Amino acid sequence: MLVADSEDDSPQDFKVAGDKLLGGLLTTAFDERSCLSRYQSVLYRKASMHNPSPYLMSRLRSYEALHQRCGPHTEPYNKTIQQLKSGKQTGPSDCNYVVWISFSGLGNRILTLASAFLYSLLTNRVLLVDRGVDITDLFCEPFPHVSWLLPMDFPLASQFSHFDQKSVHSYGNMLKNNISADSTLPFVYLHLVHDYGDHDKLFFCDQDQSFLDGVPWLVMKTDNYFVPSLFLIPSFEEELRNLFPEKQTVFHFLGRYLFHPTNQVWGLVTRYYQSYLAKSDERIGIQIRVFDTSVGPFQHVLDQILACTLNENLLPKINRQEHIIGPPGKQKSKAVLMTSLSSGYFEKVRDMYWEYPTTTGDFIGIYQLSHEHHQQTENQMHNIKAWAEMYLLSMTDKLVTSSWSTFGYVAQGLGGLKPWRRGSSTSLRIQQLPIHHVIEPCQWSLVSMPLPFMIVRRRLGLTLVHLFLM
């Protein structure tokens, strides 16, 4: 919530009505003005229903010290870079690294970055981030003193776009072709993209983790939120249990720790929030992603959204017989933020609440920040707007999302929201939208197939969904 001393106070004069460190999740070791969102986000959200464990806070502070000691251009970093250039280890490394390759759409990148960071935390590695085309425009530095950005002169950077399952240095490819994995290898490529094969998935087995422990550089490309699979690795179980006593809060905490909008993005977020959302009694987010791009599904998707929001009392029904309902001055107001690549859904819902009064007398405002028509993964401004929209959705009180959409997963996780979820079907039958009972994103590429070989963990009947409901 926002608290001001008078109506004339500017946003900069607002006092924090809560804990700007998010219960100890964040550190005070930053200049506040360099990244306003880091400590101001608490002003725009209700307090989280979840608290980070003391052990998680301790491990984050320990990681920050490790990152400062081993990050880019430090002595240990420079030493391992020389080994990487030579093509062979010359001895044990003081610091080991995970390099995350920027890949896929923005929602996927946010979820995979959180996954890579958790893996780094579990294996005492330093996470370094390929900046791609827009990372520096989207996110503030999450770690104090030393950057998380991979230096531009990193020796393998020119090979990133060529790494795939068949790469010579791919761990899965080595196993598949019975190539002896030399323990003196300076780096290994991990292919964890949605098309990964069974040998790539052996990454999630304890025996393979033991081998990878000795490799200084792990270069990772993925579009999967693979956190659930980390819970299936026996050697990580106790540490994960201590870090996250509530399994469903992994991304909620790591997302709030890692992803702070830059001042440019934060300006978009706060100006929009203050202009359209702040004064309403309740804020509703509706995120629509349709993967079937043919003409037919539009009306079916619209019917699904209206059935959900009206039947679940998220929005009031309209009265087509009367022009005005209820005495003036006593109605509540609801602001509905809709996000979609199309403006059609927004226009239909907006016109419905403009042309007819509600049966409750409430006033409903319908808003949409942008409509880009199609996803533009490499477009900088497109991604800046998308990040602002995800963040705004996370500030709502109630949320409706679309199945399989990482855009919605990010919003629900950051906001700690349990969304109503629209199914992926666009059939003529209007589906009921049950509330989704966890705030944690899905590992969508493994839901419809057996877990990696299922020899990783022989637990009869265990699935990723069961794992996070246990």
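Express the carbon and sulfur contribution to the solvent-accessible surface of region 121-178 as a percent, rounded to the nearest whole number, probe 1.4 angstrom. Intermediate values should be presented prior to the final figure.
Values: 1220 of 2560 Å².
Whole-percent figure for carbon plus sulfur exposure: 48.
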Amide H contacts under 5 Å for Phe139, restricted to residues at least 5 apart in sequence or on another chain and with H modeled in the peptide plane, are Thr262
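Could you check how much of the accessible area of region 200-315 is carbon and sulfur, as a whole percent, using a 1.4 Å probe?
Carbon with sulfur: 47 percent of the solvent-accessible area.
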Residue-wise, which Karplus ³J(HN,Hα) couplings in Hz belong to region 154-163, taking 6.51 cos²θ - 1.76 cosθ + 1.60, θ = phi - 60°, and x for glycine or proline?
4, x, 9, 4, 5, 9, 3, 5, 9, 5
Euclidean distance between Cα centres, region 207-236 to region 39-98, Å:
16 Å
Apply the Karplus curve 6.51 cos²θ - 1.76 cosθ + 1.60, θ = phi - 60°, to the phi angles in region 98-111 and return the couplings in whole Hz, x for Gly and Pro.
10, 9, 9, 8, 5, 7, 6, x, 4, x, 4, 5, 5, 5
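Any chance you could list the semi-axes, whole Å, largest first, of the equivalent ellipsoid that the Cα gyration tensor gives for region 92-234, using √(5λ)? Please list the in-between numbers first.
Values: eigenvalues 104, 55, 50 Å².
After diagonalising the Cα gyration tensor, the semi-axes are 23, 17, 16 Å.
Quick one: accessible area per residue over region 198-249, 1.4 Å probe, rounded to a whole number of Å²? Intermediate results must be reported in sequence, preceding the final value.
Details: 1620 Å² over 52 residues.
Dividing the accessible area of region 198-249 by its residue count gives 31 Å².
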Backbone HN-Hα couplings from phi across region 39-54 [Karplus 6.51/-1.76/1.60, Hz, Gly and Pro as x]:
9, 9, 4, 4, 5, 10, 10, 5, 4, 5, 7, 10, 10, x, 6, x
Given backbone amide H placed at 1.01 Å from N, residues whose amide H is under 5 Å from that of Arg421, ignoring those fewer than 5 places away on the same chain, are Thr401, His436
Before I look further, what does region 74-156 give for accessible area per residue, probe 1.4 Å, in whole square angstrom?
33 Å²
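The values are calculated or read from the model by the stated rules, or taken from the named source; none is laboratory data. If you're wondering where the values come from, they're calculated on a predicted model, not measured in any experiment. Just so you know, the surface numbers come from the protein's heavy atoms only, side chains and all, with ligands and any DNA or RNA stripped out. Shrake-Rupley method; radii C 1.70, N 1.55, O 1.52, S 1.80 Å.
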